[in-house]
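One structure is given here, and the rest of the page talks about it.
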């Protein structure tokens, strides 16, 4: 691994690959905004070291082998320095079933050729959301998807409240990929925890489904929903039905769609 540059000026340490200081500062600025927002919403909140690294340095600091897939660990957040080829894999996975309207929407929001960098840059806020729940291996498949729902809700809340002008960049690809009629190897919500074992695109589809539901959950219940999911994940492990019953008390419509997953429409 090359020696990483140490960047300063934030409430958490930041390390960036050589030649990537500008990118590192941009991601760190967004992460700082997320931390400041969560401090207002949930109380005192801190994150560990942020790494923004290139492909040559990825293996030395990342826990997830696929370059450019943002992820959080107890002691670090890892983000790619360059646009990740992985996002093209996601688009390619649904390309055969996209309508002309969907293709035009992707070009309108993400440019031509379509580049999902503006979407992917927001995902550091999702990773920061994972510091709202306890660490350690998920107790069961329900804990897994609840954690992801919490992180997605934190991302949605941040974008809605702090950077609403970026909501289109967040949700357009989410809606289009979810709305594709492709048949996935794994599709029941209880199987989400197994999806990272595949090529990644199936897992992203699960995340996109949860993201659409958290868009509605935030609109209907806001920070109350965020705090309630935090409480659920700090309590005893729940079964699938118990978790959905708890969400029903916050938003019956979202709970109903969780019960019929994946048979609910895109945004």
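FYI, it's all coordinate maths here, none of it is from the lab. Bear in mind the structure is a predicted one, so any value in this text is a computation, not a measurement. Cβ sites come from the backbone with ideal geometry, for glycine too, and all protein chains shown count toward neighbours.
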For region 6-108 the mean separation of alpha carbon contacts under 8 Å (6+ apart) over residue count, i.e. relative contact order in percent, is 22
Calculated Kirkwood radius over Cα pairs in Å (choose from (i) 20.7; (ii) 20.0; (iii) 18.9), label = (iii)
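Using Cβ counts within 10 Å as a stand-in for footprinting exposure, how do 160, 201 rank, fewest first? Intermediate values should be presented prior to the final figure.
Details: 160 16, 201 19.
Ranking 160, 201 by Cβ neighbours within 10 Å, fewest first, gives 160, 201.
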Across every pair of different alpha-carbon atoms, what Kirkwood hydrodynamic radius in Å does region 1-82 reach?
-> 12.8
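Using Cβ counts within 10 Å as a stand-in for footprinting exposure, how do 135, 261 rank, fewest first? Don't skip to the end; give the middle numbers.
On the way: 135 11, 261 18.
Ordered from fewest to most neighbouring Cβ atoms within 10 Å, 135, 261 come out as 135, 261.
Relative contact order of the chain: what whole-number percent is it, with Cα pairs under 8 angstrom and at least 6 residues apart?
Values: 357 pairs, mean separation 41.3, N = 267.
The normalised contact order for the chain reaches 15 percent.
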Region 1-45-region 189-267 distance, computed between alpha-carbon centres (Å) = 28
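Sequence gap at least 6, Cα distance under 8 Å: using those rules, report the relative contact order of region 69-191 to the nearest whole percent.
Details: 88 pairs, mean separation 37.6, N = 123.
Relative CO of region 69-191 lands at 31 percent.
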Förster radius 45 Å - calculated FRET efficiency between residue 183 and residue 40, Cβ distance, rounded to 0.05 | 0.60
Name the residue, out of 60, 225, 243, whose mean-square fluctuation peaks in a Gaussian network model built on the chain with Cα pairs under 10 Å.
-> 60
Among 44-54, 9-19, the order from most to least packed when residues are scored by Cβ within 10 Å on average | 44-54, 9-19
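Ratio to report: Rg/Rh of region 156-245, with Cα atoms as the point set and Rh obtained by the Kirkwood method; give two decimals. Provide the component values of the computation, followed by the final result.
On the way: Rg = 14.6 Å, Rh = 14.7 Å.
Dividing the radius of gyration by the Kirkwood radius yields 0.99.
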